[in-house]
Amino acid sequence: MRESLLTIHVLAIAVWIGAGFYELWLGRLFLRSDGSAAEAPLIRAIYRSDLAVFGATLIAFVAGIALALTQGWGFFNDLWLGIKQAIMFGVLAVVAMIFPRAIRLGKAIDALPHGDGPVPRALKAQYAALEPWYALMRIAAVLAVGLAVFKPV
């Protein structure tokens, strides 16, 4: 049971970080592609990646809770695990805070005409407003992995 949960947890973290950095790269391209035909395909790719990041975050959270409960670790008992748990709760708080705006952005992306082309400035501004929050969550994921690997006393 432990091995299965740990595998699911680690794979979800890998997807979270991997898709998050892919999204970061695409986001930089998107923000620099002012008015170009590449804007629409880039924002669609970012949105698909964002769905993977969100799903992986939830899976990592659930698997982490299951590990803490089934292994008798509990919550906030060990320094390294308590910090990881606090980071994850912080990430989920950010997700809850930005979720309505992210849903509106997703609907605006879905409403774009098919094919290549520039996107409306309002849509680009919506994405730019969410990007710092996405960056915060990427940093948190990397910190959580660092704590899992190095486990400070």
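Listed values, structure above:
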item: One residue from Tyr47, Tyr22 being under 16 Å from Ala125 (Cα atoms), assigned to a helix (DSSP H, G or I) and touching a residue at least 24 places away in the same chain (Cβ under 8 Å); result: Tyr47
item: Near pairs, Cβ below 8 angstrom, 6+ apart or cross-chain, from segment 110-138 (closer than 30 Å to Lys84 by Cα) to any residue that is surrounded by 14 or more Cβ atoms within 10 Å (Cβ to Cβ) and of a type in the set (Ser, Thr, Tyr); result: Met137/Thr57
item: Complete set of residues in segment 25-35 that are surrounded by 15 or more Cβ atoms within 10 Å (Cβ to Cβ) and not in a helix (DSSP H, G or I); result: Ser33
item: Looking only at segment 108-122, and only at residues there that are of a type in the set (Gly, Ala, Ser) and in a loop (DSSP other than H, G, I, E, B), the one that is farthest from Phe30 (Cα to Cα); result: Ala111
item: Residues being touching a residue at least 12 places away in the same chain (Cβ under 8 Å) and either under 16 Å from Phe54 (Cα atoms) or in a helix (DSSP H, G or I) (or both) - total across segment 1-10; result: 5
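Per-residue answers, yes or no, for (1) within 21 Å of Tyr22 (Cβ to Cβ); (2) at pLDDT 90 or above; (3) surrounded by 12 or more Cβ atoms within 10 Å (Cβ to Cβ):
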{"position": "Leu81", "(1), (2), (3)": "no, no, yes"}
{"position": "Val91", "(1), (2), (3)": "yes, no, yes"}
{"position": "Val94", "(1), (2), (3)": "yes, yes, yes"}
{"position": "Ile98", "(1), (2), (3)": "yes, yes, yes"}
{"position": "Leu112", "(1), (2), (3)": "yes, yes, yes"}
{"position": "Ala122", "(1), (2), (3)": "no, yes, no"}
{"position": "Ala129", "(1), (2), (3)": "yes, yes, yes"}
{"position": "Ala148", "(1), (2), (3)": "no, no, yes"}
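Here's the yes/no breakdown for (1) at pLDDT 90 or above; (2) surrounded by 16 or more Cβ atoms within 10 Å (Cβ to Cβ):
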position: Glu39; (1), (2): yes, yes
position: Arg44; (1), (2): yes, yes
position: Ser49; (1), (2): no, yes
position: Val53; (1), (2): no, yes
position: Ala63; (1), (2): yes, yes
position: Ala66; (1), (2): yes, yes
position: Leu69; (1), (2): no, no
position: Gly74; (1), (2): no, no
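The values are calculated or read from the model by the stated rules, or taken from the named source; none is laboratory data. Since we're looking at a predicted model, the values are computed, not measured. Heads up, the Cβs are rebuilt from the backbone with ideal geometry, glycines too, and the neighbour counts pull from every protein chain shown.
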